[in-house]
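Encoded as structure tokens, the structure appears first; notes follow it.
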Amino acid sequence: MEKEVSSMAERFQYTILKKERLTDSIYLMDIKAPRVAKNCYPGQFVIVKMDEKGERIPLTICDYNREEGSVTIVFQALGSSTKLMATYEEGEAFRDFTGPLGHRSELIDLPKEELRKLNILFIAGGVGTAPVYPQVKWMKENGYDVDCIIGARNKDLIILEDKVRSQVANLYIATDDGSYGFKGNVNDCLKDLINHQGKKYDLVVAIGPMIMMKFVSQLTKELGIRTIVSMNPVMVDGTGMCGACRLTIGNEVKFACVDGPEFDGHLVNFDEAMKRVSMYKSEEGKLLLREKEGSTHHHPDCVV
Ligand code: NAD
Ligand code: FES
């Protein structure tokens, strides 16, 4: 895939105001997008399209500045599209920056008295720290103290530590290899907080890789702690059109991009969702799903 080079900043309005490399493969960008910045809330996502022919990339919003008219996105340069995205520099611009999409975090709409009574723990796994940040920031701005665990494979992969620390009552860092903070994954850290540090939580918000959200939800189910997860990783086009993000939530079929991205972690069929993601990686897998699901493959309310 090649980058479209001709004076994009002049032609398109979604200019990159700031670019920062957070780790070897994770990038942060502030994008000039006043309409999105004015209307977005924590939990929602945008779809970035770099140029006319570019793939649609759904990314959960990491931060926004309504006065400046900017929105912060964080992405990992893994596939060809995100690797191309990482070559864009400050002053250049994206073709489309659609949003805000999806529902905002349900915490924002809880009655204040109810929210005030809850001991809330956010669990951020790796790149999932980016979508956790606007939520803990909103909680702090609205006067609620929350705790947070950031988990990463090693010290070098921890992102946004200082930003998150500034918004929470207690920040716990866990690294799989023990190179920084608690040694172990986020679940080991959660067990330690509950079993050895006398912590009690009423609600967990877990955002990170699907396998992490699956195991956190399993543990919190055993512990009787309500859990919200963000199913952004199953999205492909983010429009309700492709059917990729079809999920089984309890006995219901839901679409992450239209009905979510946040769901009750105890009701999500993670094994099915993970299988679906791997099938979507190949043309053969996509065809198989299309054959199986036929016309119900697409969301019935799809208007995009
Ligand atoms: P990673 O694989 O390095 O894992 C980060 C941490 O998650 C680990 O250090 C560990 O603490 C925890 N974890 C992982 N597997 C676990 C398990 N089996 N049990 C308990 N804890 C476990 O994460 P990464 O490479 O930074 O993450 C990339 C993934 O994050 C991508 O798949 C992307 O789709 C996903 N992501 C999700 C969201 C979202 O909204 N849910 C947002 C951004 C990125
Ligand atoms: Fe395509 Fe939701 S991501 S339908």
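Output the residues belonging to the range 245-255 that are surrounded by 19 or more Cβ atoms within 10 Å (Cβ to Cβ) and assigned to a loop (DSSP other than H, G, I, E, B).
Cys245 - this is the single residue of the range 245-255 that is surrounded by 19 or more Cβ atoms within 10 Å (Cβ to Cβ) and assigned to a loop (DSSP other than H, G, I, E, B).
Identify all residues within the range 33-86 that are of a type outside the set (S, T, N, Q), closer than 16 Å to Lys137 by Cα and not in a strand (DSSP E or B); write none if there are none.
Answer for the range 33-86, where residues must be of a type outside the set (S, T, N, Q), closer than 16 Å to Lys137 by Cα and not in a strand (DSSP E or B): Ala37, Cys40, Tyr41, Pro42, Gly43, Ile61, Cys62, Arg66.
Tell me, yes or no, whether the range 265-278 has at least one residue that is within 13 Å of ligand 2 (Cβ to nearest atom), touching a Lys or Arg at 6+ places or on another chain (Cβ under 9 Å) and either closer than 20 Å to Gly126 by Cβ or at pLDDT below 95 (or both).
Scanning the range 265-278, I find at least one residue that is within 13 Å of ligand 2 (Cβ to nearest atom), touching a Lys or Arg at 6+ places or on another chain (Cβ under 9 Å) and either closer than 20 Å to Gly126 by Cβ or at pLDDT below 95 (or both), so the answer is yes.
Restricting the range 49-96 to residues that are touching a strand residue (DSSP E or B) at 6+ places or on another chain (Cβ under 9 Å) and polar (S, T, N, Q), which is farthest from Gln13 (Cα to Cα)?
Within the range 49-96, the match that is farthest from Gln13 (Cα to Cα) is Gln76.
Inspect the range 191-205 for any residue being more than 16 Å from ligand 2 (Cβ to nearest atom) and of a type in the set (Ser, Thr, Tyr) and give the result as yes or no.
yes
Looking only at the range 254-280, filter to residues that are free of Cβ contacts under 8 Å to residues at least 24 places away in the same chain and away from ligand 1 (no atom under 12 Å from the Cβ); which one of those is nearest to Ile47 (Cα to Cα)?
Result: Lys254.
Filtering the range 64-85 down to residues that are of a type in the set (A, V, I, L, M, F, W, C) and within 15 Å of ligand 1 (Cβ to nearest atom), which residue is nearest to Arg104 (Cα to Cα)?
Filtering the range 64-85 for residues that are of a type in the set (A, V, I, L, M, F, W, C) and within 15 Å of ligand 1 (Cβ to nearest atom), the one nearest to Arg104 (Cα to Cα) comes out as Ile73.
Out of the helices (runs of 4 or more DSSP H) lying entirely within the range 124-216, which hold 3 or more residues that are touching a helix residue (DSSP H, G or I) at 6+ places or on another chain (Cβ under 9 Å) and over 21 Å from Gly265 (Cα atoms)?
Helices (runs of 4 or more DSSP H) meeting the threshold: 161-165.
Looking only at residues in the range 219-244 that are away from ligand 1 (no atom under 12 Å from the Cβ) and among the hydrophobic types (A, V, I, L, M, F, W, C), which one is surrounded by the fewest Cβ atoms within 10 Å (Cβ to Cβ)?
Across the range 219-244, the extreme among qualifying residues is Leu223.
The values are calculated or read from the model by the stated rules, or taken from the named source; none is laboratory data. What you see is a predicted model, and the numbers here were worked out from it, not measured in a lab. Neighbour counts are summed over all protein chains in view; Cβ atoms, including those assigned to glycine, are modelled from backbone coordinates with ideal geometry.
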